[in-house]
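Enquirer: Below is the structure I would like to discuss, written out as C-alpha cells.
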C-alpha cells in the first residue's frame, strides 16, 4: 500500500468522525429545539441567500476535475479529496451553527 493510500484513509477517517459528531450535534439540537418550542411557530423566510455563487463554483470545480482526469492522471486524487473535504466541512457547519446546542 502506498503512502497516498494511508494519507487518504486517515483523512477519510477524520472526516467521518467530524461529520458524525457534527450530525449528532445538529440532530440533537434540532430535536431539543423542537421539544422546547411551540409546534405552531412560523418558519421565517430566508431574506438573502449567499449560496448561489458557492454552488456555481462547486459545479465548475467538479466539472474541471472530472475533465482534468483525462489530461492529467494525478487529478484522479482530486475527486476523492474534494469528497473528503466536503464531508468534513458539512460536519464543521453543524459546530458553527449558533443555534445548535
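All of the numbers you see were taken from the coordinates with simple rules; none came from a lab. None of these values were measured; they are calculated from a predicted model. Note that we place each Cβ from the backbone using ideal geometry, even for glycine, and neighbour counts take in every protein chain shown.
Enquirer: Assuming R0 = 25 Å, can you tell me the calculated FRET efficiency for the pair residue 66 and residue 45, based on Cβ-Cβ distance, to the nearest 0.05?
Expert: 0.10
Enquirer: Shifting gears a bit: Given the options 36, 50, 90, which has the most mean-square fluctuation in a GNM of the chain, springs set between C-alpha atoms less than 10 angstrom apart?
Expert: Maximum fluctuation in the GNM of the chain, among the listed residues, is at 50.
Enquirer: Pick out which of 54, 83, 15 has the largest mean-square fluctuation in a Gaussian network model of the chain, springs linking Cα atoms closer than 10 Å.
Expert: Most flexible of the set in this elastic network: 54.
Enquirer: Determine Rg/Rh for the stretch 50-91; Rg is computed over alpha-carbon atoms and Rh is the Kirkwood hydrodynamic estimate from the same atoms.
Expert: Reported Rg/Rh, Kirkwood definition of Rh: 1.03.
Enquirer: Is it possible to state the helix-based mean residue ellipticity at 222 nm for the chain, with each DSSP H run of 4+ residues giving -39500 (n - 2.57), the sum divided by total residues, to the nearest 500 deg cm²/dmol? What is it?
Expert: Estimated from H runs of four or more residues: -25000 deg cm²/dmol.
Enquirer: Here is a further query. In the Gaussian network model of the chain, springs joining C-alpha atoms below 10 Å, which of 82, 13, 53 carries the largest mean-square fluctuation?
Expert: The residue with the greatest mean-square fluctuation here is 53.
Enquirer: If you don't mind, another one. For the chain, what does the relative contact order come out to in percent, with C-alpha contacts under 8 Å and a separation of six or more? Mind showing how you got there, number by number?
Expert: Working: 53 pairs, mean separation 59.9, N = 101.
Relative CO of the chain lands at 59 percent.
Enquirer: Measure off 7 Å from each Cα along the Cα-to-Cβ vector at residue 77 and residue 25, then give the distance between these two points in nanometres to one decimal.
Expert: 3.0 nm
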